[in-house]
1. Can you give the angle from 0 to 90° between the axis of helix 97-111 and the longest principal axis of the chain, with both taken from C-alpha atoms, to the nearest 10?
2. How about Lys145: which aspartates and glutamates have a C-alpha closer than 15 Å to its C-alpha, ignoring those fewer than 8 places off in the same chain?
3. Ignoring ligands, DNA and RNA, what percent of the accessible area of region 1-134 is carbon or sulfur (1.4 Å)?
4. Could you go through region 78-94 in sequence order and give the Karplus-derived ³J(HN,Hα) for each residue, using 6.51 cos²θ - 1.76 cosθ + 1.60 with θ = phi - 60°, rounded to whole Hz, and x for Gly and Pro?
5. Determine the share of region 234-273's accessible area contributed by carbon and sulfur atoms, expressed in whole percent, with a 1.4 angstrom probe.
6. Enter the Cα centre distance for the pair region 78-126 and region 232-265, rounded to the nearest angstrom.
7. I need the trypsin sites (Lys or Arg not before Pro) found in region 239-328, filtered to DSSP loop residues with at most 14 other beta carbons within 10 Å of theirs.
8. Checking the cross-link filter: which lysines have an alpha carbon closer than 25 Å to that of Lys293, excluding same-chain neighbours under 8 positions apart?
Amino acid sequence: METRTLGRTGRPVSVIGLGCWQLGGDWGAVGEDDAMSVLHAAVDAGVTFLDTADVYGDGRSETLVGRLLRERPGAELTVATKMGRRADPHAPESFTLDAFRGWLDRSRANLGVGTIDLVQLHCPPTPVFSSDRVFDDLDTLVDEKVIAAYGVSVETVDEALTAIARPNVASVQIILNAFRRKPLDQVLPAALAAGVGIIARVPLASGLLSGKYDESTTFAADDHRSYNRHGEAFDVGETFSGVPYDVGIRAAQQIALFTPQGATTAQLALRWIIDQPGVSTVIPGARTGDQAKANAGAADLPALSEDVLRALRDVYDDSIREHVHDRW
């Protein structure tokens, strides 16, 4: 597995990581044995970067990752978690040093670690990105070795650019996939120039880019692809990347036509992200060990040809751009 330096953390991480949202909830039920199978399969396939959050299953995802750390002590894993979605109210004034300490104490207990490798503000309210006090507090936590480094998870390009300009932000996590190309214009070049890592999330557009869904596909009631399809619970951009489902289905079918022989459409979609200059790691989720292994296999594909890159860009311009480009 190829590794790249994760921005200002200085840590080498696998280009394919593992997003652990699915192990906590919001994608339908995943049993503990199945979750551990996913985690171990990912590590076996060369994955060294795990991304979780304190709200994924109200700590369940972090706890499972903590169990993995105990079971694989020599794996040299980097674990990133997130904080901020537990804020009540979810408002700028809730992002205080005392709140950070409480959230991080809970996360450290869940993970079973004294120092968290990377903590990310979890899509906080936009004014937080411009608050010197918030970032001074994060610097304090680094000095105290509660965290080794910090980054931000963002919804918009403007938030990403504001964060990249901060001197001690190590990484930016942003939605990036063949249906969400806007970060290519400014965010990736700015991050590359500043030495800030880019963590690409929602890489398969909530599964659309696997090429396995059609108009008749249904999802469980406790899956965000059912209950948040129109942004009822959180930002709609996190579900199918904000692309209307029927539009995404048709566009994904077009993209599937360019899948290399011997590969899957999901691997094609992941390889496209790896090929973008400035990307440090991409974090697909998985519900089974086989899915985790297959996702990791995208790193073994050769770089996509100019013809394929052009074709994917055309699909975006013709079918997707009007729905998402100006929103985030």
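The values are calculated or read from the model by the stated rules, or taken from the named source; none is laboratory data. Note that the structure is predicted; figures quoted are calculated from it, not measured. Backbone-built Cβ (ideal geometry, glycine too); neighbour counts: all protein chains shown. Side chains are part of the model used for accessible areas, which takes the heavy atoms of the whole protein and leaves out ligands, DNA and RNA. Shrake-Rupley method; radii C 1.70, N 1.55, O 1.52, S 1.80 Å.
1. 70
2. Asp105, Asp117, Asp136, Asp137
3. On the way: 2360 of 5120 Å².
On region 1-134, the fraction of accessible area on carbon and sulfur atoms equals 46 percent.
4. In residue order, the calculated couplings are 10, 10, 10, 10, 9, 9, x, 6, 7, 4, 9, x, 7, 9, x, 5, 7 Hz.
5. Values: 770 of 1440 Å².
Ligands and nucleic acids excluded, carbon and sulfur give 54 percent.
6. That distance is 31 Å.
7. Details: sites: Arg250, Arg271, Arg287, Lys293, Arg310, Arg313, Arg321, Arg327; in loops: Arg287, Arg327.
When the trypsin sites (Lys or Arg not before Pro) of region 239-328 are filtered for loop state and at most 14 Cβ neighbours within 10 Å, Arg327 remain.
8. Leaving aside lysines fewer than 8 places away in the same chain, those within reach of Lys293 are Lys82, Lys212.
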